[in-house]
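The values are calculated or read from the model by the stated rules, or taken from the named source; none is laboratory data. Since the model is a prediction, treat every value here as computed from it, not as a measurement. Quick reminder, even Gly has a Cβ in these numbers, built from the backbone with ideal geometry, and neighbours come from all protein chains shown.
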Amino acid sequence: MSQSYETVLLDRRDRVAVIMINRPEKRNALNIQTRAEGAAILDELRADDSVRVVIITGAGDKAFIAGADIAEFADRTAISQREIMLERGLFNAVDTFPKPIIAMVNGYCLGGGCEVALACDIRVASETASFGQPEINLGIIPGGGGTQRLPRLVGEGKAMEMILTGEIIDAQTAFNLGLVNHVVPADQLEIKTMEIANRIAEKSPIALRLAKEAIKLAARSNLDEGLRREVDLFALCFSSADKEEGVKAFLEKRKPEFKGK
Ligand code: COA
């Protein structure tokens, strides 16, 4: 049974859960409540074994997420802003989410919205989506991981240009930079994203979790340490019933039925 949330919708589609940021009249800008509810939903889904893959998207056809709610910045002091951002918030909840999480980007993906997408594992965009880190125009800088995750994904030079100019780029340019995995016509966005999600949802949840952990280490450790941890995580797969099932199914020439055990 799901808790109720005011600014975020949750739609369960078999093994895939779709989280929709639901403030279309504010272009799905993230206020304190939205960030807290998004993080709470992720905690709920983290503990739910029936959910294998999560998709994050924005309500309406204009925005994925147009960034932090700028109205909340007006009266904020440096100390209170710092405290809010150091709390375990949405960016951290997405980044540390153990199951595969896909950003389905249906429009403006700006500032904190781009940072949510960057914290996801895979990004699928509609042709009408646009991306940017326009914080510089407000006299501030990205604070939800943009200065760290963007250069890791697209390289320092391109990240510098996006963050220093605040320029908004279209989906095709984002694809060319490696910022998004796929660009599809708007009416194909959900189909393409669900296709990827369903394909992943068939795999062993244990192997998915360990694969994510290993891949995330690539940007956070040196090569020797990463390779060493990869071997440990690889070996850990051998303790699962899913590994027995996967190997047995291959040898019996049938499709595996992974239980997440
Ligand atoms: N924070 C707070 N409110 C926002 C917002 C944000 N990040 N982005 C949009 N909104 C609000 C607008 O203030 C407006 O509210 P109103 O109807 O009460 O006046 C409403 O959403 C619609 O926005 P509008 O600008 O009229 O829509 P648009 O489709 O013409 O333009 C954007 C959309 C996203 C290009 C534009 O709203 C924008 O530049 N937003 C700010 C993006 C940004 O700087 N993000 C980084 C924040 S750190």
query = Any chance the range 135-150 includes a residue that's at pLDDT 95 or above, among the basic types (K, R), on the phi < 0 side of the Ramachandran plot and away from the ligand (no atom under 16 Å from the Cβ)?
reply = no
ask   = Is it the case that the range 46-57 has a residue that's surrounded by 14 or more Cβ atoms within 10 Å (Cβ to Cβ), within 12 Å of the chain's Cα centre (by Cα) and more than 21 Å from P205 (Cβ to Cβ)?
value = yes
task = Looking for whichever is surrounded by fewer than 19 Cβ atoms within 10 Å (Cβ to Cβ) and at pLDDT below 95 here; the options are E25, E72. Which one fits?
result = E72
inquiry  = Give all pairs with beta carbons closer than 9 Å in which a residue from the range 138-155 that is touching a residue at least 24 places away in the same chain (Cβ under 8 Å) meets a residue that is within 10 Å of the ligand (Cβ to nearest atom) and among the aliphatic types (A, V, I, L, M); count only pairs at least 6 apart in sequence or on separate chains.
reply    = L138/I70; P142/I136; G143/A68; G144/L30; G144/A68
Count - residues of the range 58-105 that are of a type outside the set (A, V, I, L, M, F, W, C), in contact (Cβ under 8 Å) with a residue 60 or more places away in the chain and farther than 18 Å from G143 by Cα = 4
Matching entry among M194, M160 (being among the aliphatic types (A, V, I, L, M) and without any contact (Cβ under 8 Å) to a residue 24 or more places away in the chain) = M160
ask   = Quick one: how many residues across the range 88-113 are aromatic (F, W, Y) and farther than 23 Å from S130 by Cα?
value = 1
remark   = Of the listed residues (L179, L189), the one being away from the ligand (no atom under 16 Å from the Cβ), over 26 Å from R15 (Cα atoms), buried (at least 18 other Cβ atoms within 10 Å of the Cβ) and in contact (Cβ under 8 Å) with a residue 40 or more places away in the chain is L179
note = Taking first residues from the range 23-40 that are of a type outside the set (G, A, S) and second residues anywhere that are in a helix (DSSP H, G or I) and within 13 Å of the ligand (Cβ to nearest atom), the pairs with Cβ under 6 Å that are 6 or more apart or on different chains are L30/G112; N31/E72
ask   = Say we look at the range 1-17 and pick out the residues that are crowded, with 16+ Cβ neighbours inside 10 Å and without any contact (Cβ under 8 Å) to a residue 40 or more places away in the chain; which of these is farthest from E190 (Cα to Cα)?
value = Y5
ask   = Among the residues of the range 87-131, which ones are of a type in the set (D, E) and closer than 12 Å to K212 by Cα?
value = D95, D121
query = Based on what the data block shows, is I163 surrounded by 18 or more Cβ atoms within 10 Å (Cβ to Cβ), over 19 Å from the mean Cα position of the chain (by Cα) and at pLDDT 95 or above?
reply = yes
query = Looking at G112, G139, which is the one that is crowded, with 24+ Cβ neighbours inside 10 Å and of a type outside the set (S, T, N, Q)?
reply = G112
ask   = Residue check, D95 against (1) within 14 Å of the ligand (Cβ to nearest atom); (2) surrounded by fewer than 19 Cβ atoms within 10 Å (Cβ to Cβ), all met but one. Which one?
value = (1)
message = Let me confirm something: among L110, L30, L86, L42, which residue is within 14 Å of the ligand (Cβ to nearest atom), out of contact with any Ser or Thr (no Cβ under 8 Å at 6 or more places or on another chain) and not β-branched (V, I, T)?
response = L30
query = Limited to the range 223-261, what total is found for residues that are outside any helix (DSSP H, G or I) and surrounded by 15 or more Cβ atoms within 10 Å (Cβ to Cβ)?
reply = 4
task = Sort out which residues of the range 75-106 are at pLDDT below 95 and of a type in the set (D, E, K, R), and write them in order of number.
result = D75, R76, R82, E83, E87, R88
